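To start, the structure itself, in structure tokens.
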Amino acid sequence: MAEKTMPIFVPTEKPLKVIKWKVKQGTVVSHGQILFLYSDSSGKSSVPQKFKAACGGTILSIKVKEGDIAEPGGCVAELKECKHSTVMKEMCAECGSDLRKDERVKGEVASVPMVHSVPELKVSEELALKLGREDAERHLKNKKLVLLVDLDQTLVHTTNDDIPPNLKDVLHFFLRGPGNTGRWCHTRLRPRTKSFLESASKKYELHVCTFGARQYAHAVTELLDPEKKYFSHRILSRDEFFDARTKSANLKALFPCGDNMVCIIDDREDVWRNAANLIQVRPYSFFQSTGDINAPPPLDNEKSKQETNNIKNGGQKPNQEMPTLDDEPEKKEETKDITNDADKKSDIQNGKISNEVTENGEINTKVKENENEVNKGSAEAEPQWPEPKGGEIEIDDPDDYLIYLEDILNRIHQHFYDLYENMGRKQIPDLKTIIPEVKSKVLEGVSLVFSGLVPTHQRLETSRAYLVARSLGAEVTQDLTEKSTHLVAVRSGTAKVNIARRMAEDKRRKFYVVTPEWLWTCAERWERVDERLYSLQRGGQSSSRRPPAHCSSPPPAPPPLPALRKRTPSGRFMDTINPLLSFSSDDIADMDREVEDIFNESDESASSEDEEKAKKVQDDLDDEENPPEDKLQSLESDSSQGKSQDPNASSDSDEETPRPRKRRRRSSDDVPPDDDDSSWNLMGAALEREFLAE
């Protein structure tokens, strides 16, 4: 909003005399404030009049002195209108104007909430940019960055379930809701949390950013930082979020000059829309029956997927709301006494014990006083967690992730300021580029080959394992080469594993055969872990075929290949028409019947027993990228025996005799050959279904 200078004119049609000024040059005035007293210059009226400001602003200059005569239409003073750069609940914090009544400034007032816990306090975009630049200069001067810290399952784990009162290192706090109802929350700090915050605060300005409610966020932060030396007032809860499902919407308001210096640690990447400056941490779980109690609500199409995942994870409870608990145990007796007193009072009013009241009139007064004291105490007193009886229960917690997270943050900080110095301090580097660059150095110079991690029907470049390895800087090839350094295998006995073991025996080169856990651990810790800890044993098998959700923040997978070949655009109108429009309904029905006949003939060609056996072998071969050599040899021997028994048999007779053989599973990326009529029929049926679905 541009600055506006407004002259203050004589408010009457006749000359007036300025009696006294109530403001001075440079004074900030609000709407309706008295500027000066004046009277009629003729002297007929002895009662002074008051001249009030029509809008808020700052007095730039005073043109008429006290005792002077101002002519009608003359300028008395100049006022610079207030820009309303700071607003609190639609009231200007500088001039005090009620902006709801001023239609002229509607849409031009401050609109950027920069204070975490006070979203009602807003500043203008101009002031926000100024404050943002000052913060950036202060961070660069102190060699600091900004770190947004999540709470639940990142630094703490909280539950509302009933737990033993004597669990060691579990903190309890009571959150009171409307109507004096409340709930107990039990929180366990992640091991080494205090030392982690102490170390991180030396190189980062810490901000809390959580989906927990405001009361919960401040209560947990009080446990983490009772002296307010780490987070201060920088606490952002879901009550201040612009979007109920994501945290990234608030970044523009908190950091108006950009998030180049902002690093994020969170156990979820979806709430940050897969931001490049996010470090996805391993979720911390201490209470086994509870997940993230403050997780955002899932989308409608994600609810069924989430329920399925909960079942697969051993029936873990889904995201649950904090229940309202009953009164605490030590208060139940007081509540019972209050009830008895109320019943006694009712009896007094009904005349049941009127004799006692007549003989001793102080009884009724005393009862009422006690009742008021008890009611007041029950409403204001903070509930106390019962003292544990007996010794404390200590549960072993082997979590040590914060050690590696601290090292990751130190490396990012070092790389940022090394690059800043190399740029001559003329340009601020971007953490959205630096963080992936630091991560890509973890497995730099490593060449990986997978065995059993990628199904045969999936392209290598679209698999999760490939994306994780590439994000760590490793090269991934389909087959073993002279440059290969690691074979990541799910189980031993495959062709690739046997070849790799012979390569590992060669002392002239370093070659490792490891389980997938080695790769997932490298991605979790951002360091090359010792391969000897995850060596694939002979006859061994790994159950961790897919990477955990927290050990990767890979870029989105490239789109799959088109299922059909695309024609070269010719510019003709006919090429833009759906080809199925040229078929009649009878033609389409004939196609359906042909497809059904093909499947019926293939089903009748083999008995159910032989078909089940063939399916079992086929699934085994499809599920593993490299089958064991003994299976390949048995299949080759079966094939050679079949040919030797009937050398003159045709291909049709071979298909009638079911026998297991390795076939490549058809995928949507495959393009059927031009000379296969049945494949064209299948394609026509697929096009028909797509056309009817539209």
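Summary table
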quantity: Single condition ARG470 does not satisfy, out of (1) surrounded by fewer than 22 Cβ atoms within 10 Å (Cβ to Cβ); (2) part of a loop (DSSP other than H, G, I, E, B); calculated: (2)
quantity: Enumeration of residues in region 458-467 that are part of a helix (DSSP H, G or I) and in contact with a Pro (Cβ under 8 Å, 6 or more places away or on another chain); calculated: GLU461, THR462, ARG464, ALA465, LEU467
quantity: Flag for ASP397 being under 29 Å from CYS522 (Cβ atoms), part of a loop (DSSP other than H, G, I, E, B), of a type in the set (D, E, K, R) and in contact (Cβ under 8 Å) with a residue 24 or more places away in the chain; calculated: yes
quantity: Looking only at region 406-434, and only at residues there that are among the polar types (S, T, N, Q) and either part of a helix (DSSP H, G or I) or in the same structural domain as CYS257 (by the TED database) (or both), the one that is farthest from CYS263 (Cα to Cα); calculated: ASN422
quantity: Residue in region 181-190 that is touching a Ser or Thr at 6+ places or on another chain (Cβ under 9 Å), at pLDDT 95 or above, within 25 Å of VAL262 (Cβ to Cβ) and among the charged types (D, E, K, R) present; calculated: yes
quantity: Inter-residue pairs, beta-carbon under 7 Å, first within 20 Å of LEU145 (Cβ to Cβ) and touching a residue at least 60 places away in the same chain (Cβ under 8 Å) and in region 263-276, second acidic (Asp, Glu) and in a loop (DSSP other than H, G, I, E, B), 6+ apart; calculated: ILE265/ASP150; ASP266/ASP150
quantity: Of the criteria (1) over 20 Å from the mean Cα position of the chain (by Cα); (2) at pLDDT 85 or above, which one LEU325 fails; calculated: (2)
quantity: Filter result (under 22 Å from HIS186 (Cβ atoms) and among the charged types (D, E, K, R)) within region 199-248; calculated: ARG214, GLU222, ASP225, ARG238
quantity: One residue from PRO226, PRO191 being free of Cβ contacts under 8 Å to residues at least 40 places away in the same chain and over 25 Å from PRO297 (Cβ atoms); calculated: PRO226
quantity: Test: residue in region 411-423 that is within 30 Å of ALA200 (Cβ to Cβ), open to solvent by 70 Å² or more (accessible area, probe 1.4 Å) and in contact with a helix residue (DSSP H, G or I) (Cβ under 7 Å, 6 or more places away or on another chain); calculated: yes
quantity: Set ASP259, ASP267, ASP239: member being among the acidic types (Asp, Glu) and within 21 Å of PHE196 (Cβ to Cβ); calculated: ASP267
quantity: Within region 160-222, strands (runs of 3 or more DSSP E) holding 2 or more residues that are within 23 Å of VAL271 (Cα to Cα); calculated: 182-189, 204-209
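Rundown of residues vs (1) among the small types (Gly, Ala, Ser); (2) open to solvent by less than 50 Å² (accessible area, probe 1.4 Å); (3) part of a helix (DSSP H, G or I), yes/no style:
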position	(1), (2), (3)
ALA244	yes, no, no
LYS252	no, no, yes
CYS257	no, no, no
ILE265	no, yes, no
ALA275	yes, yes, no
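The values are calculated or read from the model by the stated rules, or taken from the named source; none is laboratory data. Just so it is clear, the model here is predicted, and its values are computed rather than measured. Neighbour counts are summed over all protein chains in view; Cβ atoms, including those assigned to glycine, are modelled from backbone coordinates with ideal geometry. Heads up: the accessible areas ignore ligands, DNA and RNA and are worked out on the full protein's heavy atoms, side chains in. Shrake-Rupley method; radii C 1.70, N 1.55, O 1.52, S 1.80 Å.
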